[in-house]
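Let me begin by presenting the structure, written as structure tokens, before commenting on it.
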Amino acid sequence: MTNKALIIPLLQKVDIFQGLDESELTQIAELCRLGRAKKGHIIFREDAEGDELYVVYDGAVEIQVPTRGAGGKLHPSTIMTVYPGQSFGEMAILGGGTRSATAIVSATPTTLVVLPGDAFMDLCEQNTRIGYRVMRNLIDDLTYKLRSSSLLLRGNIKWQDGQLSQL
């Protein structure tokens with residue numbers, strides 16, 4: 001079985017690729033490669049350059065940001081765990097710039113589908129239906145993640161300020 005034959009069934013389940021037909025998913029799968037990593041492997045670090053989008057094929061990946069503990073010391077905090085069929089790294093494709101968090105493999109073994117951003121953006125320009133559908137789905141996905149992060153942040157602020165007892 002080829003990588004493409006493995007990747008297409010997964011892409012059919014990924015939220016950001018919903019609404020695409022099999023020929024469109026095949027075009028995306030042709031750009032992808034599979035990569036394996038062990039538990040603890042850092043896929044990318046916050047503030048690093050990068051333009052790849054990732055989909056978890058199997059295993060799990062933690063998305064972490066540094067937070068300050070009660071003693072003032074910074075430590076990594078997991079803000080999200082990404083499981084099979086879920087994507088991460090979307091912001092690098094959309095806006096370029098640096099990574100907003102660190103991604104670390106939390107289960108072993110973990111297999112990732114890696115989609116290079118430049119090649120994907122070229123495909124989106126050639127096939128505007130793919131571009132429109134994926135960008136629309138990315139907006140929905142990132143809006144959900146932003147709202148979830150905002151709720152988490154608000155909860156942490158209220159907890160640190162002792163406001164929870166006032167609710």
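Collect residues whose amide H, placed 1.01 Å from N in the peptide plane, falls under 5 Å from the amide H of Gln86; neighbours closer than 5 in sequence don't count.
Val56
Please give the peptides 17-27, 58-68 ranked by average Cβ packing (other Cβ atoms within 10 Å per residue), highest first, as a rough proxy for protection.
58-68, 17-27
Can you tell me which of 112-123, 40-51 comes out highest on packing, and rank the rest after it, using the mean Cβ neighbours within 10 Å?
My ranking of the peptides, most packed first, is 112-123, 40-51.
Would you please name the trypsin sites (Lys or Arg not before Pro) within the stretch 71-138 that are DSSP coil residues with at most 12 other C-beta atoms within 10 Å of their C-beta?
Here the trypsin sites (Lys or Arg not before Pro) that fit, given the DSSP loop and packing criteria, are Lys73.
Taking Cα pairs under 8 Å and at least six residues apart, what relative contact order does the stretch 3-161 come out at, in percent?
Dividing the mean separation by the residue count of the stretch 3-161 yields 31 percent.
Quick query: amide H of Ile79 versus all other amide H atoms, modeled in the peptide plane; which residues come in under 5 Å with a sequence gap of 5 or more or a different chain?
Result for Ile79 returns Ile63, Gln64, Val65.
Starting at the first residue of the stretch 110-117, write each ³J(HN,Hα) from the Karplus equation 6.51 cos²θ - 1.76 cosθ + 1.60 with θ = phi - 60°, in whole Hz, x for Gly and Pro.
With coefficients 6.51, -1.76 and 1.60, one gets 10, 10, 10, 9, 10, 10, x, x Hz.
Which whole-Hz ³J(HN,Hα) couplings does the stretch 133-142 yield from phi under the Karplus relation 6.51 cos²θ - 1.76 cosθ + 1.60, θ = phi - 60°, glycine and proline marked x?
4, 5, 5, 5, 5, 5, 4, 4, 5, 5
Using only helices, what value at 222 nm comes out for the chain when you add -39,500 (n - 2.57) per DSSP H run of length 4 or more and divide by the total residues, to the nearest 500 deg cm²/dmol?
For the chain, the value works out to -12500 deg cm²/dmol.
Counting other beta carbons within 10 Å of each Cβ, put Thr108, Thr102 in order, fewest first.
Starting with the residue having the fewest Cβ neighbours, the order is Thr108, Thr102.
Modelled label-to-label distance, Thr67 and Ile42, 7 Å Cα→beta-carbon offset: nm?
2.0
Compute for the stretch 3-161: radius of gyration divided by Kirkwood radius, i.e. Rg/Rh, restricted to C-alpha atoms, rounded to two decimals.
1.00
So between Lys13 and Ser77, what do we pick up on full extension, going 0.36 nm a residue minus the alpha carbon distance?
Result: 20.2 nm gained on full extension.
Among the aspartates and glutamates, select those whose C-alpha is under 15 Å from the C-alpha of Lys13, and discard any that sit fewer than 8 residues away in the same chain.
Asp21, Glu22, Glu24, Asp58, Asp141
Multiplying the sequence separation of Leu152 and Asp58 by 0.36 nm and subtracting their Cα-Cα distance, what value in nm do you get?
Difference between extended and current length: 31.2 nm.
Coordinate-derived values only; no laboratory data. No experiment lies behind these values; they were computed from the predicted model shown. Please note: Cβ atoms are built from the backbone with ideal geometry, for glycine as well, and neighbour counts cover all protein chains shown.
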